[in-house]
Amino acid sequence: MAVKFRDYYEVLGVSKTATEDEIKKAYRKLARKLHPDVNPGDNSAEEKFKELNEAYEVLSDPEKRKRYDQLGKNWKAGADFTPPPGWENASVEYGDFGDGFGRSGGPSGFSDFFESMFGGRRGTRAGAGFAMRGQDVEAEISLTLEEAHRGGSRKITLQATETCPDCGGSGSKDGKPCPTCRGAGAIRRPKSLDVTIPAGVRDGSVIRLAGQGEPGTNGAKAGDLFLRVRIEPHRLFSVVGEDDVQIELPVAPWEAALGAKVSVPTLEGSVDMTIPAGAQGGQRLRLRGQGLSRRGGGRGDQYVKLKIVIPSKLTSKEKELFEKLLEESRFNARELMTGGK
């Protein structure tokens, strides 16, 4: 019997020389896009999802892929295909997605082309039907600089895919597609998680939560959840380099000229710092060991950038003192423009 040839490589959008990892990556990307639970009521997406699973069933299995590739490279999707003599006697095991994904031809729920290639069901893999590890999931977690520095615990809530409680992930119930998950075997709903934040994470770091990704099919392990860290801007501190922080500290002209001991904010509270006499605006002073925690232990440094500020309103006494300084001082700031001192 002639059936329509299916180009599994085209379905997955990969070349015929694609590696196992490339095939898996392509499948996961498309499965996430075409999953019935993401496209409720979209029959077209559901059919493409079936085709995708069938293509992956063949190309992810070395034995079936080899057998499929033996057909040659002259076939085009949709062309009439009659399997070569003797192929119906092949004994290649494959799993079953069950009625939950609908039946598209043969008794396995796969197409007539698949059945003609590999025969009817001759067995299943270890376990109940087609088992595949769940997809990994990526999300973003926003942390304050203090949280990234000290670590701690944070509760997050995100939309997650979970195994359908009514069909246990099989997609079928009482011989029909499960009405709760519409045959997908999974549902989406809010999920709350307690996340342990290790001290010393950085912007762009990834926190892995094992088993908190998409559920596996037919009892297979769930994927993992990868949280990418985004550190929120801080009102006082900026991160410089990998482990250091910097703060801009306003100082009065007389503090810069005469020197002073001032209180400086750090990530662990305020500390005293000495400003040397004759300090300049823009000059950076260093507080050793007051920067960010390092994952391997220890801390970076904190840099204090001095900003000389003038009172916006002078009292009569302050004005009098500045006028006296003007009369007494021989300092000419403009000489610095030509290299003078």
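The values are calculated or read from the model by the stated rules, or taken from the named source; none is laboratory data. Being a predicted model, the structure only gives us computed values, none of them experimental. A quick note on method: Cβ atoms are made from the backbone with ideal geometry, for glycine too, and the neighbour counts reach across all protein chains shown. All accessible areas refer to the heavy atoms of the entire protein, side chains included, with ligands and DNA or RNA removed. Shrake-Rupley method; radii C 1.70, N 1.55, O 1.52, S 1.80 Å.
Go through segment 152-180 and give me each residue that's touching a Gly at 6+ places or on another chain (Cβ under 7 Å) and not hydroxyl-bearing (Ser, Thr, Tyr).
Once the filter is applied, which keeps residues that are touching a Gly at 6+ places or on another chain (Cβ under 7 Å) and not hydroxyl-bearing (Ser, Thr, Tyr), segment 152-180 yields Cys164, Cys167, Gly169, Gly171, Pro177, Cys178.
Of the numbered conditions (1) over 22 Å from Glu162 (Cα atoms); (2) open to solvent by 30 Å² or more (accessible area, probe 1.4 Å); (3) outside any helix (DSSP H, G or I), Glu22 fails exactly one; give the number of that condition.
(3)
Among residues belonging to segment 284-310 that are within 30 Å of Trp254 (Cβ to Cβ) and among the basic types (Lys, Arg), point out the one that is least open to solvent (accessible area, probe 1.4 Å).
If we take residues in segment 284-310 being within 30 Å of Trp254 (Cβ to Cβ) and among the basic types (Lys, Arg), then Lys305 is least open to solvent (accessible area, probe 1.4 Å).
Could you figure out which of (1) out of contact with any strand residue (DSSP E or B) (no Cβ under 7 Å at 6 or more places or on another chain); (2) acidic (Asp, Glu); (3) touching a residue at least 12 places away in the same chain (Cβ under 8 Å) isn't true of Asp42?
Here Asp42 meets the rest and fails (3).
How many residues, within segment 311-328, are of a type in the set (Asp, Glu) and surrounded by 10 or more Cβ atoms within 10 Å (Cβ to Cβ)?
The total comes to 3.
Of the residues that sit in segment 176-211 and are open to solvent by 60 Å² or more (accessible area, probe 1.4 Å) and part of a loop (DSSP other than H, G, I, E, B), which one is farthest from Thr144 (Cα to Cα)?
Pro179
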